[in-house]
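What follows is one structure encoded as structure tokens, with my remarks underneath.
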Amino acid sequence: MADVTMPRLSDTMEEGKILRWLKREGDRVEAGELLVEVETDKADMEVESSASGVVQQLKLAEGETAPVGAVIAVVDAGDGTGRKAVSAAPRQAAQPTAAAKPPAAPTTAAKPPAAPTVLPPATPAERPTRAAVSAPPTPSPHPKSTAASGTSPAPAAVSGPQPASSRGDAVKASPLARTLADELGVDLGAVRGTGPAGRITRRDVEQARARPPAGGAASGDAGAARREDAPSTHGSVASGGVRRVPLSKMRASIAKRMTDSKREAPHFYLTTVVDMDDAVRLRAQLKALEVEPSVTYNHMVLKACADALARFPEVNARFAGDAIELLDEINIGIATAVDDGLLVPVLSGANRLDLVAIAAQARVLAEKAATGRFTSADLSGATFSVSNLGMFDVDSFSAVLNPPQAAILAVGSVKQRPIVRDGALAVGHTMSLTMSCDHRVIDGARGGRFLADIKRRLENPAALLLPGGAPA
Amino acid sequence: MSVARAPGADELPGTPLDAEGLRARWLGRIGYSLATALQEDIRRAHARTGDVLLLLEHEPVYTTGRGGRAEHLAAPPSDGAAPVPVERIGRGGDVTYHGPGQLVGYALVDLRARGRDVHRFLRELETGVITTLSALGVRGARWPGRTGVWVADPDADVGRMDDRDMQLGRIRKIASIGIGVRGGITMHGFALNVAMDLAPFAAIVPCGLVGVRMTTVARETPGPVPSLREVAALAAHQVAAALASSAPPERDPAGAVP
């Protein structure tokens, strides 16, 4: 048994992240063979095993971090010796000599060595789950390698080094020329090589490209499409009934930003219930007039907020350590759920837009959120945010401030509820608004006045149609 | 025609640029996957080519690590514009953008001959970019713990800046740096925003949540910005000089790293 430890890849390295295991539990590994890719800072490095044997245990999942010297894997040398620590070694030899290399390393020989840099690493077929490998180890990796090359779509960048591609060996071309040909959709068989011994060079391919390829897709699109076919390896790792899902960048930033927000900004919350009957009527009228694009309640809320912010500049502000900064621009962030988190596209200059313009822009932003196509202006500079969960039938909720903004408004569903009007119980459409405030910037009374102003505008929705907002 | 076979020095593509101690080539604008293949070719031929610095700009492309969510970026556009393609690269999570007006430098350098210290290599790349910026009249800086090159507001103490400063735009990122090491040879390198549209970066930054502000040389200087080709020539020089500090052969193979 030998422990493989986190290697020191730099004098200043304290810990490393397991980027990718190149061996699985149960695989055979030879000393000097690549075992793992380790990331430290913005560098990732191939690391060799310094022990030979069967990989008994991978101590860390991909994406996990360990300090230098910590055990990251256990290799069973099958020699009955006790356990000893062997540091994984950064790969040393570019051209391994026969003497330095242990006799046979079939797995590496079968794999295209360049694959790690371009391919999503392991296809599901190739990659057993950790649960699965606790079964008796099968030390023969051959079938796996062939299965992998059979199932994974080969992107352009790896087809070069593979000796026998579909193009066959008959055509002599440099790896670069092959890659380029793949990328440009050029048939190498139809290209005349001008290199040594008729070898096809990059230039030959480029010239051949001048003749449009038959039915060839644009290079960029083809590349993107290929990658989309590739199975996602954004994987979770199961172990002992716990599935660990490494944080996406978005999740990590949400975690950090929201924690910072709750720690640094003293939140308090104000809730009011808005009588929405007139707003419901207004919406029906706009619909009857076939106003395009159609206006939603959330658009009305955005408009009411924009006008209220113009009237209460102290809410359109942020805390800056030794000062409160009042912001000229009124830019409202619209919290928008996406697949794995949250985006907050920004309605810029919201107070200068009328209701229909807000509806139009909000729609564009929502589409962009769905497709991920933003410009920088779409995502930056919000001075206030609105989060609406009404579509999920949420009655009311409290939102976490999005720093450095001083306030965020949480909007609940519009639906018929019991309501008291003129001293009598009635049924009417209502909607709850909960405003989260940063107490360093906004006090209760001020926040209350601001929230009441929004409510007043929504309950008198003609105000939403006036140019430049309603009177104070 | 060279006597030696295969991608030796004279078979490197592109236009030679002056640089001490390594071979620098200007490739102009090329596609991402082509550049990746080229890096791979040169990495394998490193014994013949020696250390190489490729300078180029990419066609617009997003690159994403295995954890990246390419599907968000690659979705078909609603407005008929061509989508920016997405390349998955075999690296950690970060998603980034490359495009015209950004000087990309790929360093294919034998790390084993340089003490095998990956962090030190990153710092040297930063130095090369910072001195390049300095020649362009931009004061670039390291931000400890955040690899890359940053530009802070004048008189700011970068060492004391935090996320909030970043979010408020008091410190902005002008160059991204990241490497991979395969077979002892480095790949990838730096991407310096010279004069480019920053909008595509926004699609990969989760809203106000992350708050990294990108900037460009053009934004940070009042005067005209030299062409990318000229900046490449400058960078070839400066990066080579920065890497020379750890270049072979003076190193003691036994290791006592300073």
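No lab work stands behind these numbers, since they all come straight from the coordinates. No experiment lies behind these values; they were computed from the predicted model shown. Note: ideal-geometry Cβ built from the backbone for every residue, glycine included; neighbour counts use all protein chains shown.
Residue by residue, region A:361-369 carries 3J(HN,Hα) couplings of 5, 4, 5, 4, 5, 5, 5, 5, 4 Hz when phi is fed to the Karplus relation 6.51 cos²θ - 1.76 cosθ + 1.60 (θ = phi - 60°); x denotes Gly or Pro. Relative to a virtual label point 7 Å from the Cα of A:THR12 in the Cα→beta-carbon direction, which members of region B:111-126 show backbone nitrogen distances below 11 Å? Correct set: B:118-126. For the pair A:ARG363 and B:ALA244, a Förster radius of 45 Å applied to the C-beta separation gives a FRET efficiency near 0.20, rounded to the nearest 0.05. In this simple spin-label model, placing a label point 7 Å from the Cα along the Cα-to-Cβ direction at both B:ARG48 and B:SER134 gives a separation of 3.8 nm. The 3J(HN,Hα) values that the Karplus relation (6.51, -1.76, 1.60; θ = phi - 60°) gives for region B:101-109 are, in residue order, x, 10, 7, 9, x, 9, 9, 10, 10 Hz. Gly and Pro appear as x. Across peptide A:39-51, the average count of Cβ atoms from other chains found within 10 Å of a residue's Cβ is 6. For the residue pairs A:LYS262/B:LYS173; A:LYS17/B:LYS173; A:LYS17/A:LYS262; A:LYS17/A:LYS172; A:LYS172/A:LYS249, the C-alpha atoms sit more than 32 angstrom apart in A:LYS17/A:LYS172; A:LYS172/A:LYS249. Label-to-label distance for B:GLU230 and A:ALA370 is 4.7 nm, based on points extended 7 Å past Cα in the beta-carbon direction. Full extension from A:ALA190 to A:ALA288: what is 0.36 nm times the residue separation minus their Cα-Cα distance, to one decimal in nm? Separation in residues times 0.36 nm, less the Cα-Cα distance, equals 29.0 nm.
Label-to-label distance for A:GLN416 and A:ILE324 is 4.3 nm, based on points extended 7 Å past Cα in the beta-carbon direction.
The order of A:ILE200, A:ILE254, going from fewest to most other C-beta atoms within 10 Å of their C-beta, is A:ILE254, A:ILE200. As a rough footprinting exposure proxy, the listed residues B:SER227, A:SER432, A:SER10 were ranked by other beta carbons within 10 Å of their own, and the order from fewest upward is B:SER227, A:SER432, A:SER10. Here the gap between A:SER398 and A:ALA424, fully extended at 0.36 nm per residue and compared with their Cα-Cα distance, gives a gain of 6.4 nm.
Shown for B:ARG48, B:ARG112: other C-beta atoms within 10 Å of each C-beta, ranked fewest to most, produce the order B:ARG48, B:ARG112. Antiparallel versus total DSSP beta bridges in region A:381-438: what percent is that, nearest 5? Rounded to the nearest five, the antiparallel share is 75 percent. First check a/c for region A:1-51, with a ≥ b ≥ c the square roots of the eigenvalues of its C-alpha gyration tensor; if it is under 1.5, answer rounded, and if not, answer prolate when a/b is larger than b/c or oblate otherwise. Prolate.
Counting, for every residue in B:113-119, the Cβ atoms of other protein chains within 10 Å of its Cβ and taking the mean gives 6. Between A:ALA337 and A:MET391, the contour length at 0.36 nm per residue exceeds the alpha carbon distance by 18.3 nm. The listed peptides B:96-104, A:449-457, ordered by packing as a protection proxy, come out as B:96-104, A:449-457 (highest mean of other Cβ atoms within 10 Å first).
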